[in-house]
Amino acid sequence: LSRGAAYFQVAKDPNRPFVVTVAGLAVQAVGTAFAVELDHREIKVLVAEGKVRVDPSRAAAAPVSSAQPEPLVSLGAGGAAVFPLTPGVAAAPVPRVLDSGELRQALGWRIPKLEFTRTPLREVIAQMNRHNARKFVLGDASVGEVRVSGILRADKVDTLADTLQTDFGLRAERHAHEIVLRRAR
């Protein structure tokens, strides 16, 4: 990574570790989701799930099962480390564990904002469903014709359901894996 921020979701394969090199560091993951950010002052490593290890870049790229020296830092889910930069080289890390709210906020940049102007609800929920495990379902076909305008974070399914109930007179039946939208009776 030469600049900016990137988010990675890596399939588990201990024989083929995934390594991101950044300013003299190697961030190595096997079966995890994590972000690496680089700016002129620091490197940030944030772990959403699984584990990563951070080493000097020359020590990485060996399979996880082989003997490796102790990492500079090892992070689990919710872990974060900040490496201050001194002219292009990372200094000692400042690791810490983030609570779920802090982690969501820190990774919030990767969640798209969706903008709608008088868009049929069927199109709005099609876009929202692409970004969420919990899906919207039209319980009545006519509900899909309701026109919606606004800017929504793609991960805010409950916010959209609440707005549809409050401002549009719809009923949102919430279940574990879906939210069924119907006309209020």
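Once each part is reduced to its C-alpha centroid, what is the distance from the stretch 1-49 to the stretch 122-185 in angstrom?
35 Å
Taking all protein chains as present, what is the carbon and sulfur share of the accessible area of the chain, in % to the nearest whole number, probe 1.4 Å?
51 percent
Would you mind putting 77-85, 102-110, 20-28 in packing order, based on average other-beta-carbon counts within 10 Å, highest first? Let's see the in-between values first.
On the way: 77-85: 18.8, 102-110: 13.8, 20-28: 20.9.
Packing order, densest peptide first, comes out as 20-28, 77-85, 102-110.
Tell me the relative contact order for the chain as a rounded percent, counting alpha carbon contacts under 8 Å between residues six or more apart.
Working: 374 pairs, mean separation 26.1, N = 185.
Value for the chain: 14 percent.
So, for the stretch 3-50, what is the accessible surface per residue at a probe of 1.4 Å, expressed in square angstrom? Show your work: numbers first, answer last.
On the way: 2320 Å² over 48 residues.
Per residue, the stretch 3-50 has an accessible area of 48 Å².
Express the Stokes-Einstein translational diffusion coefficient of the chain in µm² s⁻¹, to the nearest whole number, given a Kirkwood radius over alpha-carbon pairs, 4 °C and a viscosity of 1.567 mPa s. Could you put the intermediate results ahead of the total?
Values: Rh = 18.8 Å.
Rounded to a whole number, D works out at 69 µm²/s.
Treating only the Cβ atoms of Lys and Arg (+1) and Asp and Glu (-1) as charged, compute the dipole magnitude of the chain about its Cα centre; round to the nearest 20 debye. Before the final figure, lay out each step's value.
On the way: 25 positive and 19 negative charges, 75 e Å.
Computed charge dipole of the chain: roughly 360 debye.
If you fit an axis through the alpha-carbon atoms of helix 121-130 and take the longest principal axis of the Cα set of the chain, what angle between them do you get, 0 to 90°, nearest 10?
20 degrees
Return one number: the angle in degrees, 0 to 90 and rounded to the nearest 10, between the long axis of the Cα atoms of helix 157-168 and the longest principal axis of the Cα atoms of the chain.
20 degrees
The values are calculated or read from the model by the stated rules, or taken from the named source; none is laboratory data. Every value quoted in this text rests on a predicted model; they were computed, and no experiment measured them. Cβ: placed from backbone, ideal geometry, glycine included. Neighbour counts: every protein chain shown. Please note that ligands, DNA and RNA were not included when accessible areas were found on the heavy atoms of the full protein model with its side chains. Shrake-Rupley method; radii C 1.70, N 1.55, O 1.52, S 1.80 Å.
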